[in-house]
Structures are given as structure tokens and as C-alpha cells.
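**Student:** One structure is given below, represented as C-alpha cells, and several questions about it will come after.
We did not get these values from a lab; they are worked out from the coordinates using the rules stated. The structure presented is a predicted model; accordingly, all values stated were derived computationally and were not measured. Quick reminder, even Gly has a Cβ in these numbers, built from the backbone with ideal geometry, and neighbours come from all protein chains shown.
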Amino acid sequence: MAVHKTAALALGGLFALLAGVARASIGDCTNVTLATQADADAVGQSCKVIHGDLVVGATLNGTIVLDAVETITGSLVQWDGCSELTPCTPMPGPLSLALPSLTHINDSLYFWNSGTLEELRVPRLERVERSVALDRQTALRRLDITKLAYFGSLTIDAENLTDVRHDDFKGFTRGFGYVALRNALVDSVDSFFRNPIYVEGNDALSGFSFNSYGLPNVRHLTLGWSRLPDVDIVGKELAVTLGADHTTSLEIDRLKLSGNFTAFERAPSLKNLTVGSATFTMLDMLDDQDLSLAFDAASEIYIGSVHARHIRNPPAAVHWADLGLAIQSALDLNLSSQYAETEDGEREKIWYWPDGDMRYLHFDAVTLGNPFFDDFVARRDKGNDTSAAVPKVLEDVKIFAGPNSTFNCSAFDKLHDDGVILSDYSCYVLRKRNAALAQAVAPHRWILVGIAVAGGAVLQLL
């Protein structure tokens, strides 16, 4: 994640030293800058508490151990280290930095743009009140944050990082925050996510983001937090489990998934899984798997350009209230029935429509069949009693069925005429009348003829 100086200044005065704060003498352990090995030796022997910031100089190198330091009232920081982006002349050698007695940082731990820091060891550090950010660390390979349980936020961008020692993340110091893992070569990040952490508020910056392309060795991601505003996952051959052993309830305001996945599943321990909005785009469920929407409650679901055998939801979906559902650009997703055939040849119900009102219903370039809507239509059909009270669609219904569909619009035409659809309504079906002719005449585009029918239209391919 790119961090600019103006943004860094917002971290509670983290870089006040850049504004002209004079370097105090090391002897009083106040606003200390480590420029040489001698500085490090003096601090390591005499300073239990650093009053203000402890600044790691850009050219500091070698093995630096600060045995005495237990508390930093400001920040532990290196701003603009030596790297290809900001080269130093001469370029210093590698740096290994250890503070084995440090337990508390009252502001932030921030290392920016270093090509020399190879190892950072703070094994007893338990709490960082504001941010932990290891950003643009191209040389960092070993990180020991074994006891780090509480922080305000966490960013790791260290493309060669292979060894992370960490027990458990237990909570954000301010009740809200985020974890952003950008780049690393570790094979597990579960220590940051397995505990039932409740993230307060609805801030769009609270939650976590994960990108498999920056963390290529992580093959399984477990999200055990109990509540968070935002989850954004980009997968590459990734298995995702919502919930962990000690999590019984999980609430997500906004869930976004894209990429390809070997699994997307719900942990058996979860008794409640509630999602506000769920967005699945450019998503491929590998090995011809189903996309399972195993939510106890959901208010908005968008599925776009998804490859999966089926989509399925649980029986609890009949209680989803005021759902808005949109499925688009998924021609190989067959929504011809609410049922699917199991490996044993049995008929299994895999889709349940909400019993109550829905917000909207959008299908665009999807293979549809009328049996997929059987329960939806039956629950809302007034029959001959036009005054009957039935669940409604509060906003619009837009259906554009793909060319392999067996769908027709008649049932929805009637729902529209009966006043069940309260706003705009359109329904179209793309028909293949002669595929060979279509390929010969227009191999790369559809030729469409619109025929108006009772409130909708049928589009036929010539």
C-alpha cells in the first residue's frame, strides 16, 4: 500500500521529527536517532524508556541489539531508508534490528521503503497503540512479533518475507482498524484472523484485505473474527473458510470476492453468519465446484462473471429480508432449476427463495429456466384473488435470459400485472433459432429481433 508523507503525518504526529524537532542527546533518552553503532550501544545500555520517538537512521547497518529498551512513548520509525527508490551513496550493508525487552509502543511502529532491513525482532512487544506498518520492505526476511496481540492497524508489504513468528492477534486498540497483507512469502496468516475479534463501527477502512497474488504461498485463509465492516479477498487457488474453532457468530457488512478458489465454505462452529452485501465478480470456483452462499441473513448479493457448477443457498434463505439479488454475465451458470442431481443420482434442493418482500431482482446474460423461479412465483401468485396479500418486489425486476435458456416471461408478466412488482419491469429472452445460420451470418455478434409481449419482450436470434 503506497503511503505518502502527508498521510504519514496523520499518524498522531508520527513524523514530528521531520518538521524540525532537534535530535536530543542520547543521554536523556528523548527523541533518539540511531545513526551509528555507538548510538545503538549507548541506547541499548542505558535507556529503559525512550521518551518520544526512536528513529532508525537510513544508513544504520550490522546487527543492532537494544537490550534495555522496554517502552517507547512515541514511535519506533525508519522513514525513507536506503533502497533502489531512494539510493544512498555508499549503500549501507544489511541491518538486523532487535529490541528483545520492548513491550509497549505508545504510538506507531513504522518502517518505510528500506532495502537494507533484513530482520526485525521484537519478540516481547505486546501492544502498539496506533499503526504497525512495514511498507516497501524489499529486504526483510525474518520478523519476530511473537507476543504482539494488540495494535491499531497492520500493514505488511515485504515481498521476500518468509519467516514470521506470531502467536495471536487479540484485538484493535481503538475497537476498530484494519489488517492489510500486501506482499510476503509466508505460507500461513491464520494467527492474525483466527480469534473472534469484534470490529466496531462501519468505517470503510476497517476490516481486512487479502490478495493471493501478493501472498502466493498461502493456500488457505481462515476468517475467525466475529464482526467486521469490510472483507476484500482476491484469490488464486485459495480456500476460504468463514469462521474458526472459537467463533460462533460472524457478521460482515461488505464482502467482496474475486479470483479463483478451491473452496469457499462456512466453518461448522458458526451458528450465525450474517452478510450485508456480498459481491462475487470475475470469480472461478475451481474443479467445477458450487458457489455456496451459506448465509443465515443477507440483504444484497451481486454475482457477475462467475464460473461455477451451481449457486446454492441454505434453507435459512427463506428468512432473508428485503433481499436485492443481481446475477449478470454468467452464461455458463445454469439456473434452470432449484434442484440439482447429487453424485448418487438423488434430487437435491439447492436454492431457496425468500418468503418475504424482496428489494430487486436482476438477471442479465444468464441461462435461466422457469423451474428456478417456482417457489418465488408460487409465493407471490395471487391466483384469482387480486386483493390477496402477497410478498412484493419493492423495486425493479429486470430479466435478460441467455441464449440457452428454457425460460419464458409469462409468469413474471402476470406478477407485474397483479401489482407484485412495484417499480420498473422488463423481461427478455435471447433465443437461438438456428445456431449454424447465426455463426455463418454473424459469428461474433448477436442479431436481435424484438417482439413485444404482455409487459415484456422476446428477443430471438436469427
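**Student:** Ranking request for peptides 150-161, 234-245: highest mean number of other beta-carbon atoms within 10 Å first, then the rest in descending order.
**Tutor:** 150-161, 234-245
**Student:** What shape does region 306-406 take by its C-alpha gyration tensor, where a ≥ b ≥ c are the square roots of the eigenvalues and a/c under 1.5 counts as rounded, a/b above b/c as prolate, and the rest as oblate?
**Tutor:** Prolate, because a/c is 1.5 or more and a/b exceeds b/c.
**Student:** Among T138, F210, Q37, whose Cα sits farthest toward the positive end of the charge dipole of the chain (+1 at Cβ of Lys/Arg, -1 at Cβ of Asp/Glu, about the Cα centre)?
**Tutor:** Among T138, F210, Q37, the one farthest towards the positive end of the dipole of the chain is T138.
**Student:** Students often forget the sequence filter, so: which aspartates and glutamates lie under 12 Å Cα-Cα from K414 once same-chain residues fewer than 8 apart are removed?
**Tutor:** Excluding near neighbours in sequence, the set is D381.
**Student:** Right, something else. So, by mean Cβ neighbours within 10 angstrom, what's the order for 398-405, 316-323, 387-394 with the highest one leading?
**Tutor:** Details: 398-405: 20.5, 316-323: 16.5, 387-394: 13.4.
The most tightly packed comes first, giving 398-405, 316-323, 387-394.
**Student:** Given Cβ point charges of +1 (Lys, Arg) and -1 (Asp, Glu) and nothing else, what value in debye, to the nearest 20, does the dipole of the chain about its Cα centre take?
**Tutor:** It works out to roughly 500 debye.
**Student:** Follow-up question, since we're still on this one. Using only Cα atoms, figure out Rg for region 250-325 and give it as a multiple of 2.2 N^0.38 Å. Let's see the in-between values first.
**Tutor:** Numbers: Rg = 11.9 Å, N = 76, 2.2 N^0.38 = 11.4 Å.
In units of the 2.2 N^0.38 Å rule of thumb, it is 1.05.
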